[in-house]
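Undergrad: If you scroll down you'll find the structure; I have some questions about it.
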Amino acid sequence: MSAAEQLLPATSVGTEPLFAVRDLTRLYGPEKGCQGVSFELYPGEVLGIVGESGSGKSTLLSLLCGRCPPDRGSVQYRDGAGDWLDLYAASEAERRTLLRTEWGFVEQNPRDGLRMGVSAGANIGERLMAQGVRHYGQLRAAGLDWLQQVEIDPARIDDLPRTFSGGMQQRLQIARNLVSSPKLVFMDEPTGGLDVSVQARLLDLLRGLVRELDLAVVIVTHDLAVARLLADRLMVMRRSRVVESGLTDQILDDPQHPYTQLLVSSVLQP
Amino acid sequence: MNTLIEVRDLAKTFTLHQQHGVSLQVLRGLSFTVAAGECLVLHGQSGAGKSTLLRTLYGNYLPAGGSIRIRHAGDWLELVGAEPRQVLAVRRQTLGYVSQFLRVIPRVPALEVVMEPALARGWSRADAEARAKALLTRLNIPERLWQLAPGTFSGGEQQRVNLARGFMVSWPVMLLDEPTASLDEANARVVLELIDDAKAAGSALIGIFHDRAIREAVADRYLDMTQEDLAHAS
Amino acid sequence: MNAQAIPASDAGYNFAYLDEQTKRMIRRALLKAVAIPGYQVPFGGREMPLPYGWGTGGMQLTAAILGADDVLKVIDQGADDTTNAVSIRRFFARTAGVATTERTPAATVIQTRHRIPETPLAAGQIMVYQVPIPEPLRFIEPSETETRTMHALGDYGVMHVKLYEDIATFGHIATSYAYPVTVDGRYVMDPSPIPKFDNPKLDRSPALMLFGAGREKRLYAVPPYTRVVSLDFEDHPFQIQQWEQCCAICGSGDSYLDELIVDDAGSKQFVCSDTDYCAQRAQQQESRP
């Protein structure tokens with residue numbers, strides 16, 4: 001048995017967090033928005049945020065990714081050079097650079113995350129062009145490579161995204177984000193609008209890419225099956241607060257908080 | 001003795017908030033240790049909390065109190081209250097769990113399912129594939145099924161795919177939840193061999209086995225869980 | 001030579017039509033534009049006695065910089081004798097009483113639509129461009145707030161998306177006019193709908209370049225001797241248009257040519273789009289023994 005055994009240190013266990021969130025709060029009204037959220041995320045770790053509509057998941061996500069300044073609290077990111085960057089103390093320019101280099105954002109609706117008026121290849125190449133790649137041949141090669149990685153026929157590189165199916169658009173959006181080799185990717189209900197059969201394919205693809213690229217991911221979903229498949233750990237939100245957090249299978253198989261128990265027991269299990 | 005896992009005063013309670021907050025105490029004051037090369041078999045009737053104990057040890061259930069310490073990466077690590085990523089690291093490197101049920105992931109072929117624990121440890125694909133194929137062959141999964149997702153397999157085939165996955169890499173500590181239940185004699189014998197291999201390689205095993213013959217073949221010690229008040233290692 | 005009879009200036013208008021306050025406001029905006037090459041400065045555009053799209057932006061700039069002893073040339077598609085060019089020339093002759101010319105070297109101010117003269121410009125000359133859409137990022141980003149932020153942050157990746165699409169679709173960069181440029185290594189600028197043939201003439205030109213968009217109420221500038229670089233890819237470098245033919249009138253082999261259909265059979269001729277340049281060359285050839 002030990003012949004093939006190679007006890008390498010597991011790649012996913014970082015010694016220092018990649019992302020640190022302290023007391024993050026933004027309220028639009030009593031218990032509307034999110035409040036008092038703190039956590040750390042390590043390289044390669046996948047954090048799922050679950051809860052019903054209106055629980056504050058989406059607010060939290062936009063606070064985390066720099067789209068909306070918090071009332072209180074901080075978001076810090078350790079960049080490629082190992083320096084900590086305070087997201088909301090940084091300049092708009094630094095935030096934007098981060099969002100198109102070391103970060104990615106996969107929108108629920110691919111129309112929000114893609115440029116529908118330009119070809120699939122241009123969608124994939126845009127981040128590289130923004131980073132200063134000025135070689136058409138390289139952009140083309142990256143486009144073909146990523147289409148293959150997300151299981152889209154490379155022959156469709158010059159087609160407009162609007163000629164793609166919903167599942168293909170979502171995979172194209174993922175390629176568009178991953179082309180810059182990000183370390184941290186935010187996902188907002190990435191399988192939300194898709195048929196179940198298409199969902200499975202996308203989830204499988206995401207699982208593989210997350211492990212292969214050692215991505216840290218924050219994924220917002222109301223689908224507990226998606227959470228179980230993708231997330232290492234979960235935060236359960238209800239009325240703007242995190243009511244429970246921990247290992248994904250522990251939260252789903254042995255929920256402690258009354259609300260989590262209700263949430264888990266409400267799901268139909270096929 | 002080279003102790004690999006040490007459990008002290010472990011308790012597990014389920015509070016069912018959806019059912020008027022009724023509280024069930026399933027484990028209480030449980031203490032034992034298991035050493036390298038040793039197999040501890042949990043003993044007790046159905047409902048005594050054997051599976052609950054395994055799941056609590058694995059971190060799948062949240063303990064209500066006590067301590068679970070495990071030798072991980074050369075150090076003792078307390079699992080009760082550990083960070084999720086620590087638990088995941090322990091599950092990747094140190095603590096294996098083999099049940100009779102396979103959690104099927106859509107679209108992932110059987111071969112990949114089996115290889116996954118090795119790939120997570122950073123094995124090369126070639127090494128992982130060689131061992132996975134050897135295991136699937138040993139457990140009599142026909143080669144034509146290897147590239148198919150196990151969702152459509154029979155219950156027995158799924159169980160054997162899961163066993164191959166469980167024995168894919170060597171675990172310092174292994175939890176076995178009725179791995180041989182409903183297997184035919186030939187396959188059960190293979191599992192026995194795999195368990196013996198693991199013991200010989202220095203794994204500490206904790207298991208539940210309903211079949212008396214198998215239980216007697218693998219057990220070094222028993223943990224009696226029938227009288228919960230007096231629960232202790234015999 | 002080409003100097004026209006100057007119509008008597010109309011005393012009923014303020015000098016160059018616009019009132020002095022408006023001209024001062026536009027000059028202040030122009031100073032800012034010159035100080036920040038390629039940056040779009042908003043200005044309080046006025047109603048002009050002709051519709052948007054006919055050069056109202058360029059005319060307001062010309063009105064603001066014109067002095068009594070300036071000599072004005074106006075071209076449209078390279079020609080001095082088209083309706084738009086003639087009208088604007090006469091407009092300023094009448095409202096400002098300035099001299100006008102068709103000769104490029106004789107002009108101090110040249111208002112243009114679509115072309116930069118072939119005759120090299122000299123220090124002291126001012127080019128005024130009529131601009132329909134001043135924002136080079138507009139094709140991909142409809143929000144003004146967002147395009148301003150993109151300019152502020154130098155966030156210009158999307159400009160190459162357009163060029164990428166060209167190559168993917170046509171095999172080469174097919175954008176042939178309003179071809180985007182980087183000014184002084186900082187701002188990306190729309191050089192107005194001049195053919196990309198004229199882009200190299202912007203680079204380090206001794207003349208001052210002023211751009212005015214009447215409908216959008218934006219102006220911008222390229223000061224003399226400023227670096228102006230056309231965007232491109234390393235493996236698809238910027239190239240200007242080329243013709244196999246020479247001008248049918250003056251025989252020029254290196255000017256921008258217009259294609260003319262000369263009879264009902266569809267026979268084609270290629271002639272210089274810059275009428276003054278063409279006429280000067282033809283005249284020189286005739287006078288030569």
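The values are calculated or read from the model by the stated rules, or taken from the named source; none is laboratory data. Computed from a predicted structure; not experimentally measured. Please note: Cβ atoms are built from the backbone with ideal geometry, for glycine as well, and neighbour counts cover all protein chains shown.
Undergrad: If you go through the range A:138-151, how many residues are in a helix (DSSP H, G or I) and closer than 12 Å to A:Arg171 by Cα? Steps first, answer last, please.
TA: Of the range A:138-151, the ones in a helix (DSSP H, G or I) are A:138-149.
Now narrow it down to the ones that are closer than 12 Å to A:Arg171 by Cα: A:146-149.
The total comes to 4.
Undergrad: Right, next: Can you report the number of residues in the range B:119-143 which are within 23 Å of B:Thr180 (Cβ to Cβ) and part of a helix (DSSP H, G or I)?
TA: So in the range B:119-143, the residues within 23 Å of B:Thr180 (Cβ to Cβ) come out as B:131-142.
Add one more test, that the residue is part of a helix (DSSP H, G or I), and what stays is B:131-138.
Total satisfying the criteria: 8.
Undergrad: Could I ask something else about it? Filtering the range B:31-62 down to residues that are within 11 Å of another protein chain (Cβ to nearest Cβ) and not β-branched (Val, Ile, Thr), which residue is nearest to B:Ser203 (Cα to Cα)?
TA: Looking at the filtered set, the residue picked out is B:Tyr58.
Undergrad: Which helices (runs of 4 or more DSSP H) sit wholly inside the range A:187-262 and have at least 3 residues that are hydrophobic (A, V, I, L, M, F, W, C)?
TA: Here the list reads A:196-213, A:224-230.
Undergrad: Next up: Quick check on the range A:152-175: of everything there that is closer than 16 Å to A:Leu194 by Cα and outside any helix (DSSP H, G or I), which residue is modelled with the lowest pLDDT?
TA: Once the filter is applied, the top-ranked residue is A:Ser165.
Undergrad: Follow-up question, since we're still on this one. State all residues of the range A:12-61 that are acidic (Asp, Glu), under 15 Å from A:Asp232 (Cα atoms) and part of a loop (DSSP other than H, G, I, E, B); if no residue qualifies, say none.
TA: Of all residues in the range A:12-61, those acidic (Asp, Glu) come to A:16, A:23, A:31, A:40, A:45, A:52.
Checking the rest, the ones that are also under 15 Å from A:Asp232 (Cα atoms) come to A:40, A:45.
Hit for the range A:12-61 is A:Glu45, nothing else.
Undergrad: Across the range A:234-262, which residue is surrounded by the fewest Cβ atoms within 10 Å (Cβ to Cβ) among those that are more than 19 Å from B:Gln18 (Cβ to Cβ) and of a type in the set (D, E, K, R)?
TA: In this case the residue turns out to be A:Arg241.
Undergrad: Hey, A:Glu212 hits all of (1) touching a residue at least 12 places away in the same chain (Cβ under 8 Å); (2) within 14 Å of another protein chain (Cβ to nearest Cβ) but one; which does it fall short on?
TA: Of everything listed in (1) touching a residue at least 12 places away in the same chain (Cβ under 8 Å); (2) within 14 Å of another protein chain (Cβ to nearest Cβ), A:Glu212 misses just condition (1).
Listed here are the residues, each with its yes/no results for (1) in a helix (DSSP H, G or I); (2) among the basic types (Lys, Arg); (3) surrounded by fewer than 20 Cβ atoms within 10 Å (Cβ to Cβ).
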| residue | (1), (2), (3) |
| --- | --- |
| C:Pro193 | no, no, yes |
| C:Lys201 | yes, yes, no |
| C:Phe211 | no, no, no |
| C:Arg215 | no, yes, yes |
| C:Thr226 | no, no, yes |
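Undergrad: Consider A:Ser197 carefully, then state whether it is facing chain B (nearest Cβ under 10 Å), more than 30 Å from B:Gly59 (Cβ to Cβ) and surrounded by fewer than 23 Cβ atoms within 10 Å (Cβ to Cβ). Give the derivation first.
TA: Numbers: facing chain B (nearest Cβ under 10 Å): yes; more than 30 Å from B:Gly59 (Cβ to Cβ): yes; surrounded by fewer than 23 Cβ atoms within 10 Å (Cβ to Cβ): yes.
Yes: the conditions hold for A:Ser197.
Undergrad: Could you say which residue among A:Arg95, A:Arg100, A:Arg156 is of a type in the set (D, E, K, R) and over 30 Å from A:Arg22 (Cα atoms)? Give the derivation first.
TA: Working: A:Arg95 fails: over 30 Å from A:Arg22 (Cα atoms); A:Arg100 fails: over 30 Å from A:Arg22 (Cα atoms).
On inspection, the qualifying residue turns out to be A:Arg156.
Undergrad: Can I ask one more? From A:Gly82, A:Gly125, which residue is farther than 25 Å from A:Leu60 by Cβ, within 12 Å of another protein chain (Cβ to nearest Cβ) and small (Gly, Ala, Ser)?
TA: Numbers: A:Gly82 fails: within 12 Å of another protein chain (Cβ to nearest Cβ).
Among A:Gly82, A:Gly125, only A:Gly125 is farther than 25 Å from A:Leu60 by Cβ, within 12 Å of another protein chain (Cβ to nearest Cβ) and small (Gly, Ala, Ser).
Undergrad: Only one of (1) of a type outside the set (Phe, Trp, Tyr); (2) farther than 24 Å from B:Thr13 by Cα; (3) more than 10 Å from chain B (Cβ to nearest Cβ); (4) surrounded by fewer than 19 Cβ atoms within 10 Å (Cβ to Cβ) is not met by A:Asp188, so which one is it?
TA: That leaves (4) as the condition not met.
Undergrad: Next question. Test B:Gly66 against the criterion of being assigned to a strand (DSSP E or B), surrounded by fewer than 20 Cβ atoms within 10 Å (Cβ to Cβ) and away from chain A (no Cβ under 11 Å), and give yes or no.
TA: In short, yes.
Undergrad: Taking B:Leu30 and the conditions (1) modelled with pLDDT of 95 or more; (2) more than 16 Å from the chain's Cα centre (by Cα); (3) surrounded by 19 or more Cβ atoms within 10 Å (Cβ to Cβ), which numbered condition does it fall short on, given that it satisfies the others?
TA: (1)
Undergrad: Given the conditions (1) among the hydroxyl-bearing types (Ser, Thr, Tyr); (2) free of Cβ contacts under 8 Å to residues at least 60 places away in the same chain; (3) buried (at least 18 other Cβ atoms within 10 Å of the Cβ), and given that A:Ser265 satisfies all but one, which numbered condition is not satisfied?
TA: The number of the failed condition is (3).
Undergrad: Among the residues of the range C:59-69, are any within 25 Å of C:Lys217 (Cβ to Cβ), assigned by TED's automatic domain parsing to the domain that holds C:Arg204, part of a strand (DSSP E or B) and at pLDDT 95 or above? Give the steps one after another, and end with the answer.
TA: Kept after step one, since they are within 25 Å of C:Lys217 (Cβ to Cβ), are these residues of the range C:59-69: C:59-67.
Narrowing further to those that are assigned by TED's automatic domain parsing to the domain that holds C:Arg204: C:59-67.
Those left that are additionally part of a strand (DSSP E or B): none.
No, the conditions are met nowhere in the range C:59-69.
Undergrad: Of the conditions (1) more than 10 Å from every other protein chain (Cβ to nearest Cβ); (2) within 18 Å of the chain's Cα centre (by Cα); (3) not β-branched (Val, Ile, Thr), B:Leu111 satisfies every one except a single condition; which number is it?
TA: Among (1) more than 10 Å from every other protein chain (Cβ to nearest Cβ); (2) within 18 Å of the chain's Cα centre (by Cα); (3) not β-branched (Val, Ile, Thr), the lone unmet condition for B:Leu111 is (2).
Undergrad: Still on this structure, I have one more. Does the range B:190-197 contain any residue that is assigned to a loop (DSSP other than H, G, I, E, B), touching a residue at least 12 places away in the same chain (Cβ under 8 Å) and on the phi < 0 side of the Ramachandran plot? Spell out the reasoning first.
TA: Initial filter on the range B:190-197 (assigned to a loop (DSSP other than H, G, I, E, B)): none.
Looking through the range B:190-197, none of the residues is assigned to a loop (DSSP other than H, G, I, E, B), touching a residue at least 12 places away in the same chain (Cβ under 8 Å) and on the phi < 0 side of the Ramachandran plot.
Undergrad: Just the residues that are within 21 Å of C:Val161 (Cβ to Cβ) and in contact with a helix residue (DSSP H, G or I) (Cβ under 6 Å, 6 or more places away or on another chain), please, taken from the range A:160-193.
TA: Of the range A:160-193, the ones within 21 Å of C:Val161 (Cβ to Cβ) are A:160-164, A:168-182.
Listed by number, the residues that qualify are A:Pro161, A:Gln169, A:Gln170, A:Leu172, A:Gln173, A:Ala175, A:Arg176, A:Val179, A:Ser180.
Undergrad: Hey, among C:Val183, C:Val188, which residue is in the same structural domain as C:Gly53 (by TED's automatic domain parsing), touching a Gly at 6+ places or on another chain (Cβ under 7 Å) and among the hydrophobic types (A, V, I, L, M, F, W, C)?
TA: On the way: C:Val188 fails: touching a Gly at 6+ places or on another chain (Cβ under 7 Å).
Going through C:Val183, C:Val188 in turn, just one is in the same structural domain as C:Gly53 (by TED's automatic domain parsing), touching a Gly at 6+ places or on another chain (Cβ under 7 Å) and among the hydrophobic types (A, V, I, L, M, F, W, C): C:Val183.
Undergrad: Just to check your reading of the model, which residue among C:Gly171, C:Gly124, C:Gly154 is at positive phi and in contact (Cβ under 8 Å) with a residue 60 or more places away in the chain? Walk me through it before giving the result.
TA: Details: C:Gly171 fails: in contact (Cβ under 8 Å) with a residue 60 or more places away in the chain; C:Gly154 fails: in contact (Cβ under 8 Å) with a residue 60 or more places away in the chain.
Answer to the selection: C:Gly124.
Undergrad: Among the residues of the range B:166-177, is any at negative phi and part of a helix (DSSP H, G or I)? I'd like the intermediate steps shown before the answer.
TA: Here is the first cut: in the range B:166-177, the residues at negative phi are B:166-177.
From what is left, the residues that are part of a helix (DSSP H, G or I) are B:166.
Yes: one or more hits.
Undergrad: So is B:Pro142 farther than 25 Å from A:Leu247 by Cα, over 19 Å from the mean Cα position of the chain (by Cα) and within 14 Å of chain A (Cβ to nearest Cβ) or not?
TA: no
Undergrad: If you don't mind, another one. Please verify whether A:Thr101 is within 22 Å of the chain's Cα centre (by Cα) and more than 29 Å from A:Val226 (Cα to Cα), treating the condition exactly as stated.
TA: Values: within 22 Å of the chain's Cα centre (by Cα): yes; more than 29 Å from A:Val226 (Cα to Cα): no.
So A:Thr101 fails the test.
Undergrad: Among B:Ser51, B:Ser23, which is over 24 Å from B:Phe101 (Cβ atoms) and among the polar types (S, T, N, Q)?
TA: Values: B:Ser51 fails: over 24 Å from B:Phe101 (Cβ atoms).
None of the others qualify; the one that does is B:Ser23.
A quick yes/no check of all residues on (1) charged (D, E, K, R); (2) touching a residue at least 60 places away in the same chain (Cβ under 8 Å); (3) away from chain C (no Cβ under 14 Å):
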| position | (1), (2), (3) |
| --- | --- |
| A:Leu63 | no, no, yes |
| A:Leu87 | no, no, yes |
| A:Glu94 | yes, no, no |
| A:Arg100 | yes, yes, no |
| A:Gly104 | no, yes, yes |
| A:Gly113 | no, yes, yes |
| A:Gly132 | no, no, no |
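Undergrad: For the subset of the range C:119-154 comprising residues that are of a type in the set (S, T, N, Q) and within 25 Å of C:Leu66 (Cβ to Cβ), which member is nearest to the other protein chains (Cβ to nearest Cβ)? Write out each step before concluding.
TA: Residues of the range C:119-154 of a type in the set (S, T, N, Q): C:119, C:125, C:130, C:143, C:145, C:147, C:149.
Remaining after also requiring within 25 Å of C:Leu66 (Cβ to Cβ): C:119, C:125, C:130.
Numbers: C:Thr119: 34, C:Gln125: 34, C:Gln130: 27 Å.
Taking the candidates together, the pick is C:Gln130.
Undergrad: Give the residue that is farthest from the other protein chains (Cβ to nearest Cβ), with candidates limited to residues of the range C:159-173 that are closer than 18 Å to C:Pro191 by Cβ and part of a helix (DSSP H, G or I).
TA: So in the range C:159-173, the residues closer than 18 Å to C:Pro191 by Cβ come out as C:159-160, C:162-163, C:166, C:173.
Still in the list and also part of a helix (DSSP H, G or I): C:159-160, C:162-163, C:166.
Values: C:Met159: 8, C:His160: 4, C:Lys162: 8, C:Leu163: 8, C:Asp166: 10 Å.
This residue is C:Asp166.
Undergrad: Yes or no: the range B:196-212 includes at least one residue that is at pLDDT below 90, under 19 Å from B:Arg55 (Cβ atoms) and surrounded by fewer than 17 Cβ atoms within 10 Å (Cβ to Cβ).
TA: Yes: the range B:196-212 contains one or more residues that are at pLDDT below 90, under 19 Å from B:Arg55 (Cβ atoms) and surrounded by fewer than 17 Cβ atoms within 10 Å (Cβ to Cβ).
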